[in-house]
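Visitor: Shown below is the structure under consideration.
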Amino acid sequence: MIRPQIRPAIVVTLALMLITGVVYPGIVTALAQLLFPRQANGSLIIGAGGQVVGSELIGQGFARAEYFHSRPSAAGAGYDDTLSTGTNKGPTDLKLADTLIAGAVDSSVKLDGAVKGKIPSDLVTSSGSGLDPHISPASAELQVARVAKARAAGPAEVRELVVAATERRQFGFLGEPRVNVLKLNLSLDRVLPMPGGARK
């Protein structure tokens with residue numbers, strides 16, 4: 001009784017493998033390349049020298065005073081795209097509160113003159129992926145004075161770049177306004193360059 005069912009089962013299995021493993025992915029890939037080529041290829045950002053410097057979708061760490069800093073990252077040693085992860089620590093975890101967040105708060109106070117209790121949460125906590133490329137406009141505003149001083153520029157000039165780099169809510173109601181850190185820092189290098197300034 002089983003033998004007559006073997007051939008149809010094999011045929012159906014092979015057909016489904018072909019459809020779901022070759023035909024469907026092929027059609028989706030072709031449509032993506034045709035309709036959304038930039039997004040389909042990783043939303044890559046090209047620098048002034050014509051080289052790929054990153055992606056709009058994957059954050060990078062910046063530590064120099066003349067650059068806006070990204071939010072903390074728990075991905076590997078920080079923004080490791082092969083080890084995407086969060087801290088996996090809850091709000092009652094003492095290490096999260098007393099070590100990770102406290103350290104980020106102290107750093108923000110030292111670097112940007114922030115006031116404890118008034119620091120945007122995204123500047124002291126990592127995202128779930130550890131690769132978030134955005135910070136909030138409030139986090140960017142907090143860093144304006146430091147970046148302006150390091151670049152010998154006026155805060156108004158830097159703030160103008162922040163406003164230009166701020167992405168609005170999608171369709172006017174989805175998500176929150178946000179600033180892509182890599183794109184903002186590239187615009188800084190383009191409009192308010194540092195002498196021989198190296199990225200990061």
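The values are calculated or read from the model by the stated rules, or taken from the named source; none is laboratory data. This is a predicted model, so every value here is computed, not measured. FYI the Cβ positions are ideal-geometry reconstructions off the backbone, even for glycines, and counts take in every protein chain you see. Remember, those area values only see protein heavy atoms, side chains included, never the ligands or the DNA or RNA. Shrake-Rupley method; radii C 1.70, N 1.55, O 1.52, S 1.80 Å.
Visitor: Please report, as a whole percent, how much of the solvent-accessible surface of the chain comes from carbon and sulfur atoms (probe radius 1.4 Å).
Guide: Numbers: 7810 of 12420 Å².
The nonpolar share, carbon plus sulfur, comes to 63 percent.
Visitor: Subtract the Cα-Cα distance of Gln33 and Ala156 from 0.36 nm times their separation in residues, and report this length gain in nm to one decimal. Intermediate results must be reported in sequence, preceding the final value.
Guide: Values: separation 123, 0.36 × 123 = 44.28 nm, distance 4.03 nm.
Fully extending the segment from Gln33 to Ala156 adds 40.3 nm.
Visitor: Same structure, new question: Provide the FRET efficiency to the nearest 0.05 for the Leu18-Asn88 pair, computing r from the beta carbons and using R0 = 41 Å. Don't skip to the answer; put the middle values down first.
Guide: Working: r = 40 Å, r/R0 = 0.96.
Between Leu18 and Asn88 the formula returns 0.55.
Visitor: Here is a follow-up. I want to verify a result. In a Gaussian network model of the chain, Cα cutoff 10 Å, which of these has the top mean-square fluctuation: Gly117, Gly59, Gly154?
Guide: Highest fluctuation among the options: Gly117.
Visitor: What's the ranking of 91-99, 125-133 by average number of surrounding C-beta atoms within 10 Å, highest first?
Guide: Values: 91-99: 11.0, 125-133: 19.9.
In decreasing order of mean packing, 91-99, 125-133 become 125-133, 91-99.
Visitor: Based on the alpha-carbon gyration tensor of the range 76-200 and its eigenvalue square roots a ≥ b ≥ c, which shape applies: rounded if a/c is under 1.5, prolate if not and a/b is larger than b/c, or oblate?
Guide: Values: a/c = 1.64, a/b = 1.42, b/c = 1.15.
It comes out prolate by the Cα gyration axes.
Visitor: On to the next question. Explain nothing, just the number: dipole magnitude of the chain about its Cα centre with +1 on each Lys and Arg Cβ and -1 on each Asp and Glu Cβ, in debye rounded to the nearest 20.
Guide: Charge dipole, the chain, about its Cα centre: 200 debye, nearest 20.
Visitor: Rank by packing, highest mean first: peptides 51-58, 13-20, 158-165, with packing defined as the count of other Cβ atoms within 10 Å averaged across residues.
Guide: Details: 51-58: 15.8, 13-20: 10.4, 158-165: 17.6.
Ranked from most to least packed, the peptides come out as 158-165, 51-58, 13-20.
Visitor: What FRET efficiency comes out for Ile6 versus Asp81 if R0 is 45 angstrom and r is the Cβ-Cβ distance? Round to the nearest 0.05. Can you show the working numbers first?
Guide: On the way: r = 45 Å, r/R0 = 1.00.
Result of the calculation: an efficiency of 0.50.
Visitor: So if each residue of separation counts as 0.36 nm, and I subtract the Cα-Cα distance between Val115 and Ile46, what length gain in nm does that give?
Guide: Details: separation 69, 0.36 × 69 = 24.84 nm, distance 3.64 nm.
Contour length minus Cα-Cα distance gives 21.2 nm.
Visitor: If you don't mind, there's one more thing I want to ask. 222 nm [θ] for the chain, helices only, -39500 (n - 2.57) per DSSP H run of 4+, per residue, to 500?
Guide: Details: 7 runs with 79 residues, N = 200.
Per the formula, -12000 deg cm²/dmol.
Visitor: Determine the per residue accessible area of the chain with all protein chains present and a 1.4 angstrom probe, expressed in square angstrom.
Guide: 62 Å²
Visitor: Okay, next question. Round to the nearest 10 and give me the degree value, 0 to 90, for the angle of helix 24-35's Cα axis relative to the longest principal axis of the chain.
Guide: Roughly 40 degrees, rounded to the nearest 10.
Visitor: With unit charges on the beta carbons (Lys and Arg positive, Asp and Glu negative) and the dipole taken about the Cα centre of the range 47-129, which residue among Gly61, Gly128, Ala114 sits farthest to the positive side?
Guide: The listed residue farthest towards the positive side: Ala114.
Visitor: For an R0 of 41 angstrom, estimate the FRET efficiency from the Cβ-Cβ distance between Ala63 and Leu174 and round to the nearest 0.05. Intermediate results must be reported in sequence, preceding the final value.
Guide: On the way: r = 32 Å, r/R0 = 0.78.
Efficiency, rounded to the nearest 0.05: 0.80.
Visitor: Nearest 10 degrees is fine. How inclined is helix 137-150 to the longest principal axis of the chain, computing both from alpha carbons?
Guide: The helix 137-150 is inclined about 50 degrees to the chain.
Visitor: Then there's this: Along the charge dipole of the chain, Cβ charges K/R +1 and D/E -1, which of Val144, Val12, Thr85 sits furthest on the positive end?
Guide: Farthest along the dipole direction, towards plus: Val12.
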